[in-house]
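Working notes, structure below.
What follows is calculated from the coordinates using simple rules that are stated; it is not laboratory data. Here the structure is a predicted model, which is why all the values come from computation and not from measurement. Virtual Cβ from ideal backbone geometry, glycine too; neighbours counted across all protein chains shown.
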Amino acid sequence: MYVCGGSVPTLNGRSLELRVMTADDAEALYRIWGHPQVAPWLGMPPVSSVEETRLLIDQLLDMSLEEDNLRWSILGPEGEVIGSCGYNNWQLEGAYRGEIGCELAPECWGQGVMKEALGLVLDYGFDKMGLNRIEALCHPDNGRAAGLVRSLGFRQEGILRDYRHLPSGFQDVLLYSLLSREWQ
């Protein structure tokens with residue numbers, strides 16, 4: 001059985017690296033998480049400052065110690081933070097499933113970056129964590145995210161009605177899943 005123990009491993013791809021988030025990533029992640037093209041899809045109120053982003057990073061790191069969350073910063077070819085991705089939560093006992101999430105700077109969209117990053121995350125989840133099922137939740141209007149997860153082999157299972165509550169009200173999400181036997 002998988003035990004994180006607070007250690008977030010570095011994952012290396014062809015053109016990017018996934019490494020543990022640090023407080024030094026707050027400025028770059030604030031620009032991404034607060035970007036008007038990214039924030040509406042996050043399923044949470046937008047961050048309002050670098051300091052709030054730093055606090056969110058601290059919470060994510062604390063959650064990784066408690067094995068509730070596993071999040072990486074995505075580094076581009078020059079070592080710059082261009083996004084984040086990882087497991088929003090997972091359950092091993094009796095379920096062996098996890099839920100992924102991701103965000104990428106808009107200037108990097110359409111270049112295959114997130115497909116590569118999530119490929120690393122999926123490999124890690126199936127091979128190292130022992131997950132059998134990985135889920136992705138997408139806003140029904142976020143065609144880019146839906147296309148990404150479908151390109152990785154995820155299948156849409158349904159709509160979770162009024163699944164999230166944001167300041168704007170309740171929000172539906174599309175549920176996608178990928179099983180270990182369906183992954184490469």
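Can you give me the pair-distance distribution of the range 117-182, C-alpha pairs, 5 Å bins, whole percents?
The percentages, shortest bin first, are 4, 17, 26, 21, 16, 11, 5, 1.
Using helices alone, I'd like the mean residue ellipticity at 222 nm for the chain: each DSSP H run of four-plus residues gives -39500 (n - 2.57), total over residue count, nearest 500.
Here the helix-only value at 222 nm equals -7000 deg cm²/dmol.
Let's test the formula: R0 of 30 Å, r as the Cβ-Cβ distance of Thr22 and Asp127. What FRET efficiency results, to the nearest 0.05?
Once rounded, the FRET efficiency stands at 0.75.
Largest first and in whole Å, what are the equivalent-ellipsoid semi-axes of the range 11-182 based on the Cα gyration tensor, each being the root of 5 times an eigenvalue?
Here the semi-axes work out to 22, 20, 17 Å.
Could you list the residues of the range 61-76 with an amide nitrogen less than 18 Å from a label point located 7 Å from the Cα of Met44 in the Cα-to-C-beta direction?
Of the residues in the range 61-76, 61-74 have backbone N under 18 Å from the label point off Met44.
With a cut-off of 8 Å between alpha carbons and a minimum separation of six or more residues, what is the relative contact order of the range 11-182 in percent?
19 percent
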